[in-house]
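Contents: one structure, followed by commentary.
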Amino acid sequence: MKPRRLPPLIAIRAFDAVARRASFKLAAEEIGVTPTAISHQIRILEESLGQRLFIRSARSVALTPGGEILFRASGNIFATLREAVDTLSGADRSAAMTLSTTSNFLTNWLVPRLPQLNAELPELELRLHSGTELVDVRGDKADCAIRYSMRPDDTLDNTLLYEDRFVLIASPTLGIKQPKDLIGQTLFHIENRLIPTHEPSWQHWKNAFGPDELLVKSGLHFDDEMHAIQAAIAGQGVLLASELLVQHALAQKLLHIALPGSLPGGKYYFVTSVDKAGRDNITAFKRWLQQEFLRVAQ
């Protein structure tokens, strides 16, 4: 089978900039072209792949499920390229800051807030690395990370940001108002969730909140939580999701917390090495994170 030809690198670069900045205008400023040129490259890329990559409105730009898949790849590609260029050129990396986190947190929490981050810390040169593996923040691959755990790593500099909980979310169109309304709904299950506590499963929800007739084994299984969130937005079923990761969709009223109650989750920590903890860009970014999470808690 003949390999499929890859899209133009310039189009992928434009896509990556829009995804990171959540703005065609800011992406154009970063690359040094016009917003029209950025739109042209995105159109070329979407035609090449045969699907939309962004959901655009008058106020925001959001990734489609296909866009999320491509963004995970492009983020790693350009991070690797930057590391190679810096190594070859002997560039001073101290001005830049590489953050490692999961793709779920990056897409659902950080990306929607990038415009605020850019406005408040315009001098911050932020590089993003996403993945489920733990990157050593004491090395060159990452300077800091946002990690999901039950307890801090005593060998690192840790700052507690948020204690997570899992809530029952659904599209308002489903009309769920009481526990018995769950009967007959499609239950979404997430495979291989990296939850460092008892899994927030439908069985645990049933034990705590009912209804007794709920068929907890039925429904659809996803290996990517972002896809399940998109399916919930489309009104195709109900999901037990991290309240933190669906806040953007809740604020836009694409989803709502359908029933009271929650199941416990882990804790989000900002971590860096003891040696890097005093760097100006890292302390400034940590303060910004603390302010944003304080708004979340209010």
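Residue count for segment 134-180, restricted to those that are among the aliphatic types (A, V, I, L, M) and either in contact with a helix residue (DSSP H, G or I) (Cβ under 7 Å, 6 or more places away or on another chain) or under 27 Å from H256 (Cα atoms) (or both): 10. Taking the criterion of being closer than 24 Å to Y269 by Cα and over 16 Å from the mean Cα position of the chain (by Cα), the only residue of segment 235-253 that qualifies is L240. Looking only at residues of segment 156-184 that are among the β-branched types (V, I, T) and surrounded by 12 or more Cβ atoms within 10 Å (Cβ to Cβ), we find that the one that is farthest from the chain's Cα centre (by Cα) is I176. The residue that is surrounded by the fewest Cβ atoms within 10 Å (Cβ to Cβ), among those in segment 130-155 that are part of a loop (DSSP other than H, G, I, E, B) and of a type in the set (K, R), is R151. Among residues of segment 107-122 being farther than 27 Å from D224 by Cβ and touching a residue at least 40 places away in the same chain (Cβ under 8 Å), the one that is nearest to the chain's Cα centre (by Cα) is N118.
Of the residues making up segment 261-295, those that are over 13 Å from Y162 (Cβ atoms) and among the polar types (S, T, N, Q) are S262, T272, S273, N281, T283.
Being over 19 Å from H227 (Cα atoms), at pLDDT below 85 and outside any helix (DSSP H, G or I) is the filter here; which residues of segment 33-77 pass it? Selection gives S57, A58, R59, S60.
Residues considered: A27, A22. Of these, the only one that is under 24 Å from L126 (Cβ atoms), out of contact with any Pro (no Cβ under 7 Å at 6 or more places or on another chain) and surrounded by 15 or more Cβ atoms within 10 Å (Cβ to Cβ) is A27. Test V33 against the criterion of being buried (at least 17 other Cβ atoms within 10 Å of the Cβ) and aliphatic (A, V, I, L, M), and give yes or no. Taking the combined requirement at face value, the residue does not satisfy it.
Please enumerate the residues belonging to segment 139-159 that are touching a Ser or Thr at 6+ places or on another chain (Cβ under 7 Å) and at pLDDT 90 or above. Selection gives A142, D143, C144, A145, I146, L156, D157.
Please go through segment 241-260 and give me each residue that is modelled with pLDDT of 95 or more and not aliphatic (A, V, I, L, M), ordered by number. H256, P260 - these are the residues of segment 241-260 that are modelled with pLDDT of 95 or more and not aliphatic (A, V, I, L, M).
The values are calculated or read from the model by the stated rules, or taken from the named source; none is laboratory data. Since we're looking at a predicted model, the values are computed, not measured. For neighbour counting, all protein chains shown are included, and Cβ atoms are generated from backbone atoms with ideal geometry for every residue, glycine included.
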